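The values are calculated or read from the model by the stated rules, or taken from the named source; none is laboratory data. Bear in mind that the values here come from a model prediction, so they are computed numbers and not experimental data. All Cβ positions, glycine included, derive from the backbone under ideal geometry; neighbour counts span all protein chains shown. For accessibility, only protein heavy atoms count, side chains too; no ligands or nucleic acids. Shrake-Rupley method; radii C 1.70, N 1.55, O 1.52, S 1.80 Å.
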Amino acid sequence: MKLIVCENYEEMSKAGADIIAALLKSKPKCVLGLATGSTPVGMYQELARMNKAGEITFKDVTSYNLDEYYPLAPDHDQSYRYFMNHNLFDNVDIDKSKTHVPDGLAADPDAMGKAYDEAIEAAGGIDLQVLGLGPNGHIAFNEPEAELYAGTHKTSLTESTINANARFFASKADVPTHAVTMGIGSIMKARKIIVLANGKVKHPVIEKMLAGRITTMCPGTLLLAHADVTLIVDKAAYEG
Ligand code: GLP
């Protein structure tokens with residue numbers, strides 16, 4: 001695992017954006033795996049700036065997002081589809097019909113998950129997957145558990161994640177208790193992965209990832225088994 005320690009959030013965001021920009025230049029028709037959460041917002045802003053400046057284009061890009069709350073409609077202002085439109089897709093020249101987010105209203109989440117993974121494969125697989133980390137070490141919505149799913153699936157959220165994400169909703173009671181998420185296998189199939197983490201609250205997870213041991217009880221550590229992962233952190237996440 002490659003580690004980049006940045007001075008602050010802005011530097012972390014720029015480092016992530018530079019890696020994506022390099023891919024867009026070398027492979028304009030690439031497949032991006034995208035993440036939500038507050039962590040990648042600055043990186044998405046930087047990508048939008050580069051796009052407006054004519055440095056990069058998203059016009060041939062296909063994207064697959066990691067996860068979505070369940071049940072939640074795409075036009076709900078806390079849905080991850082809404083987040084992606086607002087924070088990236090509406091601000092760059094991407095063809096929205098080529099952007100995908102797991103269906104948070106799927107009547108049959110198992111069938112939806114299977115179709116989602118098959119669609120990623122049919123698109124040629126993910127070239128570059130962006131990941132954040134939950135304070136409990138979750139990646140996408142793969143929460144710490146003794147056993148984890150390989151494929152895209154429906155899952156329940158832990159109390160810790162509901163608490164961590166309550167800040168975005170009117171009240172904790174409004175946070176959905178479930179989600180649909182890409183599984184560990186779906187994520188690990190990406191050819192390259194970048195993980196962004198900033199702030200003291202992520203330090204315990206970063207410490208575990210840097211300790212070099214793997215456990216499903218901290219899903220972020222599973223990334224140590226991938227051949228091409230770059231972990232981009234700010235000083236606060238690195239030093240605690
Ligand atoms: C959510 C998402 C994760 C994300 C995490 C961290 O739970 N499902 O994909 O990495 O939040 O969020 P933040 O970046 O706001 O700390």
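Structure summary
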{"read-out": "Neighbour net charge for GLU207 - beta-carbon separation under 13 angstrom, K R +1, D E -1", "value": "+3"}
{"read-out": "Paramagnetic reach from GLU145 (point 7 Å along Cα→Cβ, amide N under 13 Å) across region 168-184", "value": "178-184"}
{"read-out": "Residue-normalised accessible area of the chain, given per residue in Å² at a 1.4 Å probe", "value": "43 Å²"}
{"read-out": "Extension gain, LYS192 back to ARG167 (0.36 nm per residue minus Cα-Cα distance, nm)", "value": "5.9 nm"}
{"read-out": "Residues with amide H under 5 Å from that of ASP95, placed H, sequence gap 5 or more", "value": "VAL61"}
{"read-out": "Computed label-point distance, nm, for sites ALA211 and LYS96 using a 7 Å Cα→Cβ extension", "value": "4.5 nm"}
{"read-out": "List LYS29, LYS172, ordered by accessible area with a 1.4 Å probe, largest first", "value": "LYS29, LYS172"}
{"read-out": "³J(HN,Hα), Karplus 6.51/-1.76/1.60, whole Hz, each residue of region 175-183, x for Gly, Pro", "value": "6, x, 8, 10, 8, 10, 9, 4, x"}
{"read-out": "Under 5 Å, built H, 5+ apart or other chain: amide partners of HIS178", "value": "TYR70, LEU157"}
{"read-out": "Extended-chain gain in nm, criterion 0.36 nm per residue less alpha-carbon gap, GLN45 and ASP77", "value": "9.6 nm"}
{"read-out": "Region 98-240: C-alpha gyration tensor shape, a/c 1.5 cut-off, then a/b vs b/c", "value": "oblate"}
{"read-out": "28 Å Cα-Cα reach of LYS2 towards lysines, excluding residues that sit fewer than 8 places from it in its own chain", "value": "LYS14, LYS25, LYS27, LYS29, LYS189, LYS192, LYS200, LYS202, LYS208, LYS235"}
{"read-out": "Separation of alpha-carbon centers, region 11-45 and region 182-209, rounded to whole Å", "value": "15 Å"}
